[in-house]
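Working notes, beginning with the structure itself.
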Amino acid sequence: MSSSDAVLHRRAETLYAEHHSWLAGWLRHRMGGEDVAADLAQDTFLRVLTSRELPLLLEPRAFLATIARRLMANHYRREAIERAYLEILATLPEARMPSPEDRRLVLEALCAIDRALDTLPAKAREAFLLAQLEGMKYEDIAARLGVTTRTVGNYMVRAVQACFFAQEHSA
Amino acid sequence: MTRKAEGAAMYAGGLPLAPRVAEEASRWYVLFMSGAATDEDRRAWRDWCAADPDHERAWDHLARADARMRELAGKPAYEALSRERRQQGRRRALLSAGFLAACIGPAIWAADRNRWLRLSPDFTTAVGERRDVDLPDGTRITLNTDTGIDVRFEGGERLIRLRRGEILVATGHAAQYASMPLRVETEFGRVHALGTRFSVRQGTDATHVALFDGAVEIKPVGQGAAGLVLAKGQTAKVSEGRAQATGPAGEAAMAWLRGELAADNMPLAEFLAELSRYRPGVISCDERAGRLRISGLFPLADTDRVLAAVGRLLDVRIVRRTPYWVVVSAPG
């Protein structure tokens, strides 16, 4: 371990010792005492401790809360997507039900797409989903969203960049 | 920390990509998707691809992302992402406003390895098939029979996930990938390559690694599991939480690359289990036949001929119940 590693390590330890139980409590309070609060507190520290650099923090609790809020939002999004997905699956005939493993993979991928498209305006998002997942033609998407075909093309270009090229920088 | 797509770093094949190139590639992609592309467009697109290796890399990346997306396509996937958005839009907007206001820290680096998880592997071979796959960094992977791998160049590493079967990896040395470590991942552990040629085979309860050149480090899954650095010409077995050396690599470890099955005084049961990897269906043998020993080099291209050879070399009876069910027994 190099000396800068050692400094980082000590800093991380201090952060954990001084703020872990506070963060767990903060999350429990916001999530109505759900068990998952403890996991998210753990995940928050994991993000911080595995990041490439750990800055000297003036407001460590605000910093931790920022990350925890993002993880909490992701958690609820994931639950909502999962619920919607399972509801649709429940309407399918049994023979077409994907295996639990396939369902898990699909959910992972859906959540990733969801996060990637998070930055786009609602219509661009919808255009991308209709084209990519429903296989709809651009003219039909244009009619449905009440925009020109050209606008659909512009939405698509933005969405393709966000979804296929942009790298995620935070959880 | 920003949530904007504009200004976000662009990547293709694990390496940074100029935003301009990402946008151009996206425009071509959207043009082709729209169905409005003309022959002239297609010619212009080919010129664009050929004009710059980065263009080609961007297009390659898009084509693969597109293939992954197609596997998801369908009503349930669309509904899951679209319907709940309409229901949740408001609450979410509030959440992100609060989030942005509180944003103070630097970007937290956390590569999402599962970003483009897909249902079927990126590269596969059928039973009896063998195939080479060349990666952009110059690495060549040879897939043995009934094998599936995923390739991810992102998050600062070159990751090859062996889902099933067996591969030989000859690592490439393209300069721009020099700082990205190359790893092979299986259910049981990770093999970290240090300029090298090695094979990895996935079994039901362990992963088998054989090293032919260079060096590799093996890390079994499980907290606190000890790693193992393998020397040239040696083999190792990786199971749950444990990596152990298993002696020198024999002829058999390399023979499949030439399309052969090598046996050196091998129990027939083991030999037939090997052979059945290369042919559809089941080969079963009784206990007495299974204990007989066999030696030789056998061509894998025609497994029926190998079975016939077994019948000549050893005192066994070979019965084909169906083309997919072969029974080998010692005469009683």
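The values are calculated or read from the model by the stated rules, or taken from the named source; none is laboratory data. This structure is a prediction, so every number in the text was calculated from the model and none was measured. Don't worry about glycine lacking a Cβ; one is built from the backbone with ideal geometry, like all the others, and counts go over all protein chains shown.
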Original post:
In segment A:92-122, what count of residues is obtained for those that are more than 9 Å from every other protein chain (Cβ to nearest Cβ), outside any helix (DSSP H, G or I) and either farther than 16 Å from B:LEU72 by Cα or β-branched (Val, Ile, Thr) (or both)?
Top reply: 2
**OP:** Scan segment B:14-32 and report the pairs whose first residue is at the interface with chain A (Cβ under 8 Å from one of its Cβ atoms) and without any contact (Cβ under 8 Å) to a residue 12 or more places away in the chain and whose second residue is acidic (Asp, Glu) and buried (at least 22 other Cβ atoms within 10 Å of the Cβ), with Cβ atoms within less than 9 Å and a gap of 6+ or a chain change.
**Re:** none
Original post:
Is it the case that B:ALA111 is at pLDDT 75 or above and small (Gly, Ala, Ser)?
Top reply: no
**OP:** Scan segment B:40-47 and give yes if some residue there is surrounded by fewer than 19 Cβ atoms within 10 Å (Cβ to Cβ), within 11 Å of another protein chain (Cβ to nearest Cβ) and not small (Gly, Ala, Ser), otherwise no.
**Re:** no
Subject >> Whichever residue in segment A:1-33 is outside any helix (DSSP H, G or I) and at pLDDT 70 or above and, among such residues, is farthest from A:ASN74 (Cα to Cα) >> reply: A:GLY32
Original post:
Give me the pairs: first residue in segment B:50-71 and at the interface with chain A (Cβ under 9 Å from one of its Cβ atoms), second residue of a type in the set (Gly, Ala, Ser) and part of a helix (DSSP H, G or I), beta-carbon distance under 6 Å, and six or more apart or on different chains, which are they?
Top reply: B:ALA58/B:ALA25; B:LEU62/B:ALA25
Subject >> Which numbered condition A:LEU145 fails, given (1) hydrophobic (A, V, I, L, M, F, W, C); (2) surrounded by 15 or more Cβ atoms within 10 Å (Cβ to Cβ); (3) out of contact with any helix residue (DSSP H, G or I) (no Cβ under 6 Å at 6 or more places or on another chain) >> reply: (3)
**OP:** Considering only residues that are part of a helix (DSSP H, G or I) and at pLDDT below 90, look in segment A:132-162 and name the one that is farthest from B:GLU24 (Cα to Cα).
**Re:** A:LEU133
Subject >> Meets criteria (in contact (Cβ under 8 Å) with a residue 12 or more places away in the chain, under 20 Å from the mean Cα position of the chain (by Cα), facing chain B (nearest Cβ under 9 Å) and over 30 Å from B:ASP60 (Cβ atoms)) for A:ARG125 >> reply: no
**OP:** Could you please give the count of residues in segment B:29-56 that are within 25 Å of A:ALA127 (Cβ to Cβ) and touching a His at 6+ places or on another chain (Cβ under 9 Å)?
**Re:** 1
